[in-house]
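Asks: Starting off with a structure, shown below.
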């Protein structure tokens, strides 16, 4: 009988703790390129929405293209995700949402995207 109360008490504590943890660490903030560049933690992913401007080509780094965010800032995006996306799909989309982080490479600042969502 006491074991049943112990399990019930553990469940009462475990469920709210799990919900708090999931809510705390699953937020995906939607930022501009400028605000994403100010993030100190590069392991934290953010979402940037905008319009594709110029489509680059595929390289060993991944597919690269330029997009403008909601504030009108134009930035280079390098897609390094696992889902195959072609340049034709990106150029046909009206809006693009990219999930990743800002960083710099040999060509300058860029947004390294792990996921891309295309809006027609």
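Asks: If you take the residues of segment 89-106 that are at pLDDT 85 or above and over 14 Å from residue 117 (Cα atoms), which of them is surrounded by the most Cβ atoms within 10 Å (Cβ to Cβ)?
Replies: Once the filter is applied, the top-ranked residue is 102.
Asks: Of all residues in segment 70-88, how many are touching a helix residue (DSSP H, G or I) at 6+ places or on another chain (Cβ under 6 Å) and under 14 Å from residue 113 (Cα atoms)?
Replies: Start the filter on segment 70-88 by keeping residues that are touching a helix residue (DSSP H, G or I) at 6+ places or on another chain (Cβ under 6 Å), which leaves 73, 75.
Restricting the remaining residues to those that are under 14 Å from residue 113 (Cα atoms) gives 75.
Residues in segment 70-88 being touching a helix residue (DSSP H, G or I) at 6+ places or on another chain (Cβ under 6 Å) and under 14 Å from residue 113 (Cα atoms): 1 in total.
Asks: Another question about this same structure. Given the structure, is residue 54 over 15 Å from the mean Cα position of the chain (by Cα), within 17 Å of residue 118 (Cα to Cα) and crowded, with 16+ Cβ neighbours inside 10 Å? Show your work before the answer.
Replies: On the way: over 15 Å from the mean Cα position of the chain (by Cα): yes; within 17 Å of residue 118 (Cα to Cα): yes; crowded, with 16+ Cβ neighbours inside 10 Å: no.
Taking the combined requirement at face value, the residue does not satisfy it.
The values are calculated or read from the model by the stated rules, or taken from the named source; none is laboratory data. Owing to the predicted nature of the structure, the values given are computational and were not obtained by experimental measurement. Cβ coordinates were reconstructed from backbone atoms using ideal geometry, including for glycine residues, and neighbour counts include every protein chain displayed.
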